[in-house]
Amino acid sequence: MTKFEDFGLTPELMKGVVELGFTTPTPVQMKVIPLLIKGARDVVALAQTGTGKTAAFGLPLLQLTDAKNPATQALVLCPTRELCMQIAKDLADYGRFAQHLKILAVYGGSPIYDQIRALRHGVHIIVATPGRMKDLLNRKCANFAGVQRVVLDEADEMLNMGFQEELESILKEVPD
């Protein structure tokens, strides 16, 4: 039986996983985590709500982020402010023992100047809604030159909500 230890996660991430009470990976986690940690470029995962998709992409994102490099290295886009806040919280929980990793939730309805200030101080992983992320890019407040990974969480929902133009604009700023 596969366990989280089998994925080769750092001791800091393993400590976070154990403290959260995770013992056995879900089916989506068993399939996705090894692929992403090995560097798979394009992965599409379809699974029901509550099956652990955030950990499936979040643990590899945290594992592959270099905390010594201050550049933004990963971008997670999601359709709603609630999901944005939840993903950022989950990533922070998984990585709570991985010192110096900076995660920022970027969404409308929160003071933009606080988000701009955080971006100027350096953020490793940005979790964002498309509208606010596009606004910050238009203001030249985010730099995606160092982004190596992009996650489109609930991509179908973002397209259904009419975010195609924002997504295309944001993705043009990310290196190939």
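The values are calculated or read from the model by the stated rules, or taken from the named source; none is laboratory data. Only a predicted model underlies this, so the values are computations on that prediction, with no experimental measurement involved. Backbone-built Cβ (ideal geometry, glycine too); neighbour counts: all protein chains shown. Only protein heavy atoms, including side chains, enter the accessible area calculation; ligands, DNA and RNA are left aside. Shrake-Rupley method; radii C 1.70, N 1.55, O 1.52, S 1.80 Å.
Things to note:
- 1.4 Å probe accessible area per residue over region 94-164, in Å²: 53 Å²
- The trypsin sites (Lys or Arg not before Pro) of region 27-94 that meet both conditions, a loop assignment by DSSP and at most 10 other Cβ atoms within 10 Å of the site Cβ, are Lys38, Arg41, Lys68.
- Extents of region 39-108, largest first, come to 35, 31, 20 Å (Cα atoms, principal axes, whole angstrom).
- Under-24-angstrom lysine pairs by C-alpha in the chain, whenever the two are 8 or more apart or on separate chains: 28
- With each label modelled as a point 7 angstrom along the Cα→C-beta vector, the Leu64-Arg139 pair spans 2.9 nm.
- Here the ratio of the Cα radius of gyration of region 68-133 to 2.2 N^0.38 Å is 1.04.
- Shape of region 133-176, Cα gyration tensor, a/c cut at 1.5: oblate
- Alpha-carbon centroids, region 1-73 and region 126-170: separation in whole Å: 22 Å
- Convex hull of the chain built on C-alpha atoms - directionally averaged projected area, nm²: 9.6 nm²
- Rg ratio (alpha-carbon, reference 2.2 N^0.38 Å) - region 1-88: 1.09
- Just the protein heavy atoms count here, and of the accessible area of the chain at 1.4 Å, carbon and sulfur take up 51 percent.
- Each residue, Gln99 and Asn160, gets one label point 7 Å from its Cα in the Cβ direction; the gap between the two is 4.5 nm.
- Between Glu173 and Ala45, the modelled labels are 2.6 nm apart [label points 7 Å from Cα along Cα→Cβ].
- Sum of -39500 (n - 2.57) over DSSP H runs of 4+, divided by residues of the chain (222 nm, nearest 500): -13000 deg cm²/dmol
- Summed over the residues of region 1-41 and divided among them, the accessible surface reaches 63 Å² per residue at a probe radius of 1.4 Å.
- Those trypsin sites (Lys or Arg not before Pro) in region 105-176 that DSSP places in a loop and that have at most 11 other beta carbons within 10 Å: Arg139, Lys140, Lys172
- Ranked order, Asp135, Asp6 - accessible area, probe 1.4 Å, largest first: Asp6, Asp135
- For the set Tyr107, Tyr113, solvent exposure ranked by accessible area (probe 1.4 Å, protein chains only) runs largest to smallest as Tyr113, Tyr107.
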